[in-house]
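Worksheet: one structure, shown below.
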Amino acid sequence: MTVGAASVTTSAAAVNPPAVNLGSAAATSVLAGAGVANTGPSVLALDVDTSPSPAIAGFPPAATKRARHAADAVAAKAQSDLTTAYNVAKSVPSTDDVTGTDLSGKTLTQGVYSSSSGLTLNGPEPVTLNGTPDSVFIFQAGSTLSTGANTLVRLTGGVRACNVFWQVSTVATLGAGSDFAGNILAQTSIAVADGTTVQGRALARTGAVTLTNDTFTNPCAPAGNGYWLVASDGGIFSFGDATFHGSTGSMVLNRPIVGMASKTTGAGYWLVA
């Protein structure tokens, strides 16, 4: 089934802005200024850092694939680099004013989308970011970023989540069950509701980051290579520039993976029993 989507485009929006350099903050899935609080078995692909507050609660049951840094030199440097990145993202000239626009149901191309007030994605239709692996998207919220339950940020044409930046002047809130893509750079706090998947990062300058049964994946695999993730219930998901061959949207594995073979192009695929 194909769902039509409205477009928000201007001639200026075709200009590709430079990617925002996150510095050492790029090593984190979650970075907070006033601590990290988790409920439930959240899973994070990268570091969990907080500075100046050392508070990290709910790990376990949450798990990070990397390290935790509580008010140490690593976390302090990440916060310093986040401040620089936040200011850069905020200062990039806008190519499209989306004040008062619900981004759900829109198809956007590379550019800088600014709102003098908040940014909203209320669903149920996704916001589609269409472009190439080099396309950069910067969203500037004059106040909050808010997504409704089960909202989706969809990347098409090879767009990579590591090149999507959400600069938020106050608080960012992701609704339950959302599938979100990009790096959130919030001035204050970030709340990620129950069962949300973030292909990216939640980076809060002064406030806390709160999580509930959430999954954070690496927004870009090394050297731009994508990867597949098999969930505990057997569902298959692709990230980065990994692609499916055929339709696997509803595929569930019922047997273990027994090997992986390479195509002549060098692109791999899973071989399933």
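The values are calculated or read from the model by the stated rules, or taken from the named source; none is laboratory data. Predicted model, so just to flag it, every value in this text is computed and none were measured. As a convention, Cβ positions derive from the backbone with ideal geometry for all residues, glycine included, and neighbour counts pool all protein chains shown.
Points to keep in mind about this one:
- Within the range 103-137, the only residue that satisfies the criterion of being more than 15 Å from residue 161 (Cβ to Cβ), without any contact (Cβ under 8 Å) to a residue 60 or more places away in the chain and among the β-branched types (Val, Ile, Thr) is 120.
- The residue that is modelled with the highest pLDDT, counting only those in the range 1-22 that are under 16 Å from residue 140 (Cβ atoms) and in a helix (DSSP H, G or I), is 13.
- Residues of the range 172-192 satisfying the condition of being part of a strand (DSSP E or B), surrounded by fewer than 24 Cβ atoms within 10 Å (Cβ to Cβ) and over 12 Å from the mean Cα position of the chain (by Cα): 173, 191
- Qualifying position, being surrounded by 15 or more Cβ atoms within 10 Å (Cβ to Cβ) and either of a type in the set (Val, Ile, Thr) or touching an Asp or Glu at 6+ places or on another chain (Cβ under 8 Å) (or both), among 111, 58: 111
- Filter result (aliphatic (A, V, I, L, M) and in contact with a Phe, Trp or Tyr (Cβ under 9 Å, 6 or more places away or on another chain)) within the range 167-209: 168, 172, 174, 184, 185, 186, 192, 198, 202, 203
Each row is one residue, and each column tells you yes or no for (1) of a type outside the set (A, V, I, L, M); (2) part of a loop (DSSP other than H, G, I, E, B); (3) touching a helix residue (DSSP H, G or I) at 6+ places or on another chain (Cβ under 9 Å); (4) at pLDDT 95 or above.
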{"site": "158", "(1), (2), (3), (4)": "yes, yes, no, no"}
{"site": "165", "(1), (2), (3), (4)": "yes, no, yes, yes"}
{"site": "170", "(1), (2), (3), (4)": "yes, yes, no, yes"}
{"site": "194", "(1), (2), (3), (4)": "yes, yes, no, yes"}
{"site": "202", "(1), (2), (3), (4)": "no, no, no, yes"}
{"site": "206", "(1), (2), (3), (4)": "yes, yes, no, yes"}
{"site": "211", "(1), (2), (3), (4)": "no, no, no, yes"}
{"site": "220", "(1), (2), (3), (4)": "yes, yes, yes, no"}
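- Residue match in the range 23-31 (condition: among the small types (Gly, Ala, Ser), part of a loop (DSSP other than H, G, I, E, B) and in the same structural domain as residue 164 (by TED's automatic domain parsing)): no
- Taking the range 138-183 as the range and being within 17 Å of residue 102 (Cβ to Cβ) and among the aromatic types (Phe, Trp, Tyr) as the test, the residues that pass are 139, 166, 180.
- Members of the range 32-47 found to be in a loop (DSSP other than H, G, I, E, B) and of a type in the set (A, V, I, L, M, F, W, C), listed by number: 34, 45, 46
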